Amino acid sequence: MSEEQAIRAVVHLYVDGMAFANEPALRKALHPRVAIIGNYQGAVEWMTRDEFIAAIVEEGSAPPDTIPLMEIELIDIEGDAASVKVVDEFAGMRFSDYLSLLKIDGRWSIVNKVYHLHR
């Protein structure tokens with residue numbers, strides 16, 4: 001598997017994890033110390049992995065036949081660091097997620113997420 005394919009697999013795990021409230025998938029995609037940051041409902045929101053996963057699980061899963069929106073617009077890889085821009089949807093809202101990934105112990109992990117909520 002190429003580095004790009006491995007990164008795409010992590011992003012896919014992340015998007016599916018959100019769409020289907022899949023806690024194990026999210027824990028696998030997101031580093032334990034990930035920071036999740038964006039403007040939400042008029043305020044800057046800073047979340048830990050556990051806070052983010054709890055919010056996803058609370059919202060609940062999309063119907064099983066749902067095909068989650070995942071438009072990867074950019075992947076930039078330099079050695080063991082990568083940036084990905086992905087457009088996705090969660091709970092009826094569309095987001096642009098800017099993900100920073102780092103290859104740790106041979107495995108890509110999302111270490112930072114800055115998002116934009118589309119209006």
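Quick rundown of the values:
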read-out: Residues (of a type in the set (Lys, Arg) and under 10 Å from the mean Cα position of the chain (by Cα)) located in region 88-119; value: Lys113
read-out: Extreme residue, surrounded by the fewest Cβ atoms within 10 Å (Cβ to Cβ), among residues of region 9-25 that are under 11 Å from the mean Cα position of the chain (by Cα) and closer than 15 Å to Arg107 by Cβ; value: His12
read-out: From Glu45, Glu58, residue being under 15 Å from Gly92 (Cα atoms) and either over 11 Å from the mean Cα position of the chain (by Cα) or acidic (Asp, Glu) (or both); value: Glu58
read-out: Hits in region 62-93 - residues which are open to solvent by 70 Å² or more (accessible area, probe 1.4 Å) and of a type in the set (S, T, N, Q); value: none
read-out: Unmet criterion (only one of (1) within 14 Å of Ala29 (Cβ to Cβ); (2) touching a Lys or Arg at 6+ places or on another chain (Cβ under 7 Å); (3) open to solvent by 50 Å² or more (accessible area, probe 1.4 Å)) for Asp97; value: (3)
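The values are calculated or read from the model by the stated rules, or taken from the named source; none is laboratory data. Quick caveat: nothing in here was measured; it's all calculated off a predicted structure. For neighbour counting, all protein chains shown are included, and Cβ atoms are generated from backbone atoms with ideal geometry for every residue, glycine included. Remember, those area values only see protein heavy atoms, side chains included, never the ligands or the DNA or RNA. Shrake-Rupley method; radii C 1.70, N 1.55, O 1.52, S 1.80 Å.
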